[in-house]
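Working notes for the structure below.
Taken together, the values in this text are just the output of simple stated rules run on the coordinates, not laboratory data. Predicted model, so just to flag it, every value in this text is computed and none were measured. Backbone-built Cβ (ideal geometry, glycine too); neighbour counts: all protein chains shown.
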Amino acid sequence: MFDFIFNSAVKIKTAQDLSNAITSTYLMDITFAIIFIVLLLLFANLIKWQSGKFDNSGKKRKTVFFILLACTFFVSLLLNMLCIKAKIAVPAFANKYMTHMFLGAFVSALIYGVAGFVLVKLAPIGSKLQSIFPKKQ
């Protein structure tokens, strides 16, 4: 199934090949969402607390959250375009794949956004991760 990603000689010429490519696209995009969630956890813990009266480190973590959200969408879109769309040999299949390519990138960003938000809200109060979206007192 993943021949389309790793083998540059494979061309998408049949409806079954296209179906396999679409499945590969969604699996890749889910994987990207998970990778960017792990990156969020890593970056949130790498940003140090600021000393002094006003701590703006939570705003930095929130900025990283949204930057990674955008990166999830665009990296998914770009890699699908480079790894799979470039191998489509039948022009009629290209339009159908483009729809799934954009939908997969959107799903990837949606999974990252929802799962990331849930992780932040479930984090213990006072943690670095929780400071991204602090709970109202």
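Only DSSP H runs of four or more residues enter the estimate; each adds -39500 (n - 2.57), and after division by the residues of the chain the mean residue ellipticity at 222 nm equals -24500 deg cm²/dmol. Only lysines eight or more places from residue 11 in sequence, or on another chain, were considered; those with a Cα closer than 24 Å are 85, 87, 96.
Under the combined filter of DSSP loop state and at most 11 neighbouring Cβ atoms within 10 Å, segment 28-92 retains these chymotrypsin sites (Phe, Trp or Tyr not before Pro): 49, 54.
Against the chain, whose longest principal axis is taken from its Cα atoms, helix 15-46 shows a tilt of about 20°. Over all orientations, segment 65-123 has a Cα convex hull whose mean projected area works out to 4.0 square nanometres. Which angle between 0 and 90 degrees, to the nearest 10, do you get for helix 91-122 versus the longest principal axis of the chain when only C-alpha atoms count? So the inclination is approximately 20 degrees.
Annotation for residue 63 and residue 121: the two label points, set 7 Å from Cα along the Cα-Cβ direction, are 2.6 nm apart. Where in segment 103-137 does the label zone of residue 55 land, with the point 7 angstrom along Cα→C-beta and an amide N cut-off under 16 Å? Under 16 Å, as judged by backbone N against the label point of residue 55, lie 123-137 of segment 103-137. Relative contact order of segment 32-137, taken over Cα pairs closer than 8 Å and 6 or more residues apart, is 37 percent. Full extension of the chain between residue 43 and residue 16 gives 5.7 nm of extra length, using 0.36 nm per residue less the Cα-Cα distance. Less than 5 angstrom separates the built amide H of residue 88 from those of 12, all sequence-distant by 5 or more or on a different chain. Principal-axis analysis of the Cα atoms of the chain puts helix 57-83 at an angle of about 10° to the longest axis. Here 97, 112, 26 are placed in order of increasing Cβ neighbour count within 10 Å, fewest first, which gives 26, 97, 112.
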